[in-house]
Amino acid sequence: MNLLFGRLGWTDTPFAELIAHPSVNTAVASGAAGLVILGALVTTVLLTRYRLWVPLFRDWLTSVDHKKIGVMYIVLALVMMSRGVAEGAVMRAQQGTALAGGFLSADHFAQLFSTHGTIMIFFVAVPMIVGLINIAVPLQIGARDMAFPVMNQVSLGLTASGAALMMISLVIGQFATGGWTNYPPYTGLAFNPGVGPDYWLWAILISGVGSMLSGINFAVTIYKKRAPGMHYMRMTLFTWTSLCTAIMLIYAMPPLTVSSAMLALDRLLGFHFFTNDLGGNMMNYANIFWMFGHPEVYVLVLPAYGVWSEVASTFSGKTLYGYTSLVLATMAIAVISFTVWLHHFFTMGQSSSVNIAFGIATMVIAVPTGVKVYDWMATLWRGRIRLTVPMIYLLGFFMLFVIGGMTGMILANPSIDYQVHNSTFLVAHFHNVLIPGVLYGVLAGIHYWFPKVFGFRLDERLGRVTAGLWVVGFSLTFFPLYVLGLMGMPRRLPDFDDSAYGPWVTVAGIGALVVLAALAMIFFTFWYSIRHRDRFAVPLGDPWDGRTLEWSVAAPAPEWNFARLPQVRQVDDFWRAKQDGRAYAPIEEYEDIVMPRSTAFGLVIAVASFCMGFGIIWHIWWFAALGFVAIPAAMIFRVFRTDTERTIPAAEVREKTEAWLAAVHAATPVTRDEEDTPANRGRAVFEGNPA
Amino acid sequence: MTHEQRERRSYFIGFAACAAWTALAFGAVILRLDQITALWIIGVSALAQVVLQFRYFLHIDFSRQKREDLQLILFSALLLAIMVGGTVWILADLDKRMM
């Protein structure tokens, strides 16, 4: 073994492979690697060209502002989603052309479905959810920042470091072929001595710690940093679902870390937790992994439920129907989701009594979810409904998610699961809950809170087209997979010769093109809205006739969020304040505000953990040791810093707040009919309850 | 009795109770009780000491301002019971069926 480079050699790139064995397959791999390099190069050139390195470092990478950290999470997620969607489309193309021979090798296809799943769950869904919570929750509970702002930055750093490992696996070496769950013994040393499973393990181990720290941060923030009068039963539903998600993250991430660490010990130090011989039991990996894996899906979907609650209430101009039942349903889901993990391995061989118990628990969890759907529909009932972009996503969610839930009920029955497990029926089911449930929710949330963060709305017309494309694209891509699954098509199939599959995979392939168009439209909507941001500007802060505290401040929200911490009196406090004329009240006395100072600590941890992960994957031990030592060293160094806070003088707060308040009072409020027009500067006419 | 005396008394009770449970666990080993009985005694003693530590040293009680802490501790206990109990049940069942 080479001491300097470990097992890393010059031939470990797809380019070397392309030169040695030229084919479409190696060209696709090289193209993907080339895109990563090109993307990095273009970013570097643009940052240098427009002299943005210093602003990027000063205003973003070292910032501890929860809103900026949230934005960085979502940017990371969008970058990773582009790769994940592209991989999905390549897989659809492979299956679409499979009867004609296809163009990918089976091994390459296996890498594709492994990275696609890993990226979509850990580096798209999780950062999107964490990003939204970061942006909205402190504003909704009337706090100026998270409970642990620097730890928040560290969480982001660890997530980004895991994502970087995923990206570099495209260029250097090969990723795992064991699917997103990375089951041993296939991913053990005996069957997979290469770097693939190690890439998976260290990307997951590093980012998993980040997610757990996020959970702790959110839970403590919601427990301890609420504004005066913000009792639990006055919190917004998004805050409630975030609290439940945070607590679930705290308890669900450790099993993943444990199972991954055990597998890493197997691979690195010759342990035998999950090997075939010497007392190993690979079934325990499935058991521990899904103790994380099932709560994880509710970790993702609960905040999306929170977004639906906000959207349904705001865009129908009504108080949420059944607030208490929604809170109780959220809590019920959070607890029950920890009791169903076995339904992911019904066919592993345990007795039917065990299967039945977990099958029933799985069916029970649909009850609180059903309660929620009815509550949202009742919220819309007789409301003053505006068909804005988030509402279109909500309608898509209603129709599609309920179907996904129903197929979940079908799969919850162990005897049916024996027929369709590991078929594309399952693939269709989980995409059917994750895309309309989580992705639509996040996209609706981005559209909803975008003006609060950046001070201007996103274009409604383009947003509606995007939402429509997502609904159509999803339906075309994944409904055929239900049929294929019932016809017996296994998941993760690189090629087949049953011509009956042909029409269905073709439709799914066309659907994938629509999804690609939907993804492109997301970026085009951002680009177009930024170009025309003056027309969409809503500096007064309340573009949607909002009901909750985040809409009671300027847009973009000032660094300190609230010049004076609000005194909360009831649910939908800002809406009630507008009703009573309490809103936009002048502030008599301003005070100095103490905010955490920017720091590069999170960045250092991110780089160090990346070095550690990369070093361990390639057995470059000096590099790994460097990263491993740098983390505690940075912590110790940080402990000796005493100037961790800075004071924003009252005069500065007064100046900005008074200017904003003056603009609010000078503005003509707009009715909801003008919501979508340039007249909407962010001050709403109070229209009262819908008749 | 002043507040400080009450406080000291509470710490002493906690210490004495924990020491007693520890002695019981050691006793089970020293007296060479049969293995199953000894394991049960050690297990119960461990759980009892967890509760005592929470009550006397971490000051978790049923008062209002401790309610959030207590809820989180009970929730942790519930999840641990689900995860450990579920794992034992599943793996024991698989083990039996493979014999």
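The values are calculated or read from the model by the stated rules, or taken from the named source; none is laboratory data. What you are looking at is a predicted structure, and each value in this text was computed from that prediction instead of being measured. In this analysis, Cβ positions are derived from the backbone assuming ideal geometry, glycine residues included, and neighbour counts consider all displayed protein chains.
Numerical summary
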{"item": "Leading residue by the ranking (modelled with the lowest pLDDT) among those in segment B:57-98 that are more than 15 Å from A:Ala252 (Cα to Cα) and small (Gly, Ala, Ser)", "result": "B:Ser63"}
{"item": "Matching residues in segment A:14-31 - criterion: being in contact (Cβ under 8 Å) with a residue 24 or more places away in the chain and crowded, with 19+ Cβ neighbours inside 10 Å", "result": "A:Pro14, A:Asn25, A:Val28, A:Ala29"}
{"item": "Condition check for A:Ala40: touching a residue at least 40 places away in the same chain (Cβ under 8 Å), in a helix (DSSP H, G or I) and surrounded by 11 or more Cβ atoms within 10 Å (Cβ to Cβ)", "result": "no"}
{"item": "Residue within segment B:34-50 that is within 14 Å of chain A (Cβ to nearest Cβ), exposed (fewer than 13 other Cβ atoms within 10 Å of the Cβ) and among the acidic types (Asp, Glu) present", "result": "no"}
{"item": "Where A:Met391 falls short, out of the listed (1) part of a loop (DSSP other than H, G, I, E, B); (2) surrounded by 19 or more Cβ atoms within 10 Å (Cβ to Cβ); (3) not basic (Lys, Arg)", "result": "(1)"}
{"item": "Odd one out for A:Asp277, checked against (1) in contact with a Pro (Cβ under 6 Å, 6 or more places away or on another chain); (2) within 21 Å of A:Tyr183 (Cβ to Cβ); (3) more than 13 Å from every other protein chain (Cβ to nearest Cβ)", "result": "(1)"}
{"item": "A:Thr330 touching a residue at least 40 places away in the same chain (Cβ under 8 Å), in a helix (DSSP H, G or I) and among the hydroxyl-bearing types (Ser, Thr, Tyr)", "result": "yes"}
{"item": "Conditions (1) within 30 Å of A:Phe623 (Cα to Cα); (2) surrounded by fewer than 20 Cβ atoms within 10 Å (Cβ to Cβ); (3) in the same structural domain as A:Gly157 (by TED's automatic domain parsing): number failed by A:Phe103", "result": "(1)"}
{"item": "Residues that are over 30 Å from A:Ser552 (Cβ atoms) and β-branched (Val, Ile, Thr), drawn from segment A:443-489", "result": "A:Val465, A:Val471, A:Val472, A:Thr477, A:Val483"}
{"item": "Residues within segment A:350-369 that are of a type outside the set (A, V, I, L, M, F, W, C) and either touching a residue at least 12 places away in the same chain (Cβ under 8 Å) or touching a strand residue (DSSP E or B) at 6+ places or on another chain (Cβ under 8 Å) (or both), tallied", "result": "6"}
{"item": "Subset of segment A:173-218 [crowded, with 20+ Cβ neighbours inside 10 Å and free of Cβ contacts under 8 Å to residues at least 40 places away in the same chain]", "result": "A:Gly215"}
{"item": "Condition check for A:Val64: in contact (Cβ under 8 Å) with a residue 40 or more places away in the chain, surrounded by 14 or more Cβ atoms within 10 Å (Cβ to Cβ), touching an Asp or Glu at 6+ places or on another chain (Cβ under 8 Å) and in the same structural domain as A:Phe523 (by TED's automatic domain parsing)", "result": "yes"}
{"item": "Selected residue (only one of A:Ile360, A:Ile356 is under 17 Å from A:Asp417 (Cα atoms), surrounded by fewer than 22 Cβ atoms within 10 Å (Cβ to Cβ) and more than 13 Å from every other protein chain (Cβ to nearest Cβ))", "result": "A:Ile360"}
{"item": "Single residue of A:Ile392, A:Ile403 found to be farther than 30 Å from A:Met72 by Cα and either at pLDDT 95 or above or not assigned by TED's automatic domain parsing to the domain that holds A:Val130 (or both)", "result": "A:Ile403"}
{"item": "Segment B:63-80 - residue that is of a type in the set (Gly, Ala, Ser) and more than 8 Å from chain A (Cβ to nearest Cβ) and, of those, surrounded by the most Cβ atoms within 10 Å (Cβ to Cβ)", "result": "B:Ala77"}
{"item": "Selection from segment A:241-268 of residues that are in contact with a helix residue (DSSP H, G or I) (Cβ under 9 Å, 6 or more places away or on another chain), of a type in the set (A, V, I, L, M), surrounded by fewer than 24 Cβ atoms within 10 Å (Cβ to Cβ) and under 17 Å from A:Ile617 (Cα atoms)", "result": "A:Ala261, A:Met262, A:Ala264, A:Leu268"}
{"item": "Condition met for A:Pro480 (in a helix (DSSP H, G or I), in contact with a Leu (Cβ under 6 Å, 6 or more places away or on another chain), in the same structural domain as A:Leu104 (by TED's automatic domain parsing) and touching a residue at least 24 places away in the same chain (Cβ under 8 Å))", "result": "no"}
{"item": "Test: residue in segment A:366-380 that is within 14 Å of another protein chain (Cβ to nearest Cβ), more than 21 Å from the chain's Cα centre (by Cα), farther than 30 Å from A:Thr466 by Cβ and not aromatic (Phe, Trp, Tyr)", "result": "no"}
{"item": "Selection count where residues are under 23 Å from the mean Cα position of the chain (by Cα) and within 30 Å of A:Glu652 (Cα to Cα), scope segment A:591-628", "result": "2"}
{"item": "Residue check for A:Gly270: on the phi > 0 side of the Ramachandran plot, among the small types (Gly, Ala, Ser) and within 13 Å of chain B (Cβ to nearest Cβ)", "result": "no"}
{"item": "Residue within segment B:25-39 that is part of a helix (DSSP H, G or I) and under 18 Å from B:Tyr11 (Cα atoms) present", "result": "no"}
{"item": "Filter pass, A:Thr221 being in contact (Cβ under 8 Å) with a residue 60 or more places away in the chain, out of contact with any strand residue (DSSP E or B) (no Cβ under 7 Å at 6 or more places or on another chain) and either closer than 30 Å to A:Thr324 by Cα or not assigned by TED's automatic domain parsing to the domain that holds A:Gly322 (or both)", "result": "yes"}
{"item": "Residue in segment B:54-62 that is among the hydroxyl-bearing types (Ser, Thr, Tyr), more than 14 Å from chain A (Cβ to nearest Cβ), surrounded by 15 or more Cβ atoms within 10 Å (Cβ to Cβ) and in contact (Cβ under 8 Å) with a residue 12 or more places away in the chain present", "result": "yes"}
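Conditions (1) part of a helix (DSSP H, G or I); (2) among the basic types (Lys, Arg); (3) more than 14 Å from chain B (Cβ to nearest Cβ); (4) touching a Ser or Thr at 6+ places or on another chain (Cβ under 7 Å), marked per residue:
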| residue | (1), (2), (3), (4) |
| --- | --- |
| A:Phe292 | yes, no, no, no |
| A:Pro295 | yes, no, no, yes |
| A:Leu302 | yes, no, yes, yes |
| A:Trp308 | yes, no, yes, no |
| A:Ser313 | yes, no, yes, yes |
| A:Leu326 | yes, no, yes, yes |
| A:Phe338 | yes, no, no, no |
| A:Phe346 | yes, no, no, no |
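Residues checked against (1) closer than 23 Å to A:Phe358 by Cα; (2) aliphatic (A, V, I, L, M); (3) touching a residue at least 60 places away in the same chain (Cβ under 8 Å); (4) within 14 Å of chain A (Cβ to nearest Cβ):
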{"residue": "B:Glu7", "(1), (2), (3), (4)": "no, no, no, no"}
{"residue": "B:Cys18", "(1), (2), (3), (4)": "no, no, no, no"}
{"residue": "B:Leu52", "(1), (2), (3), (4)": "no, yes, no, no"}
{"residue": "B:Ile82", "(1), (2), (3), (4)": "yes, yes, no, yes"}
{"residue": "B:Trp89", "(1), (2), (3), (4)": "yes, no, no, yes"}
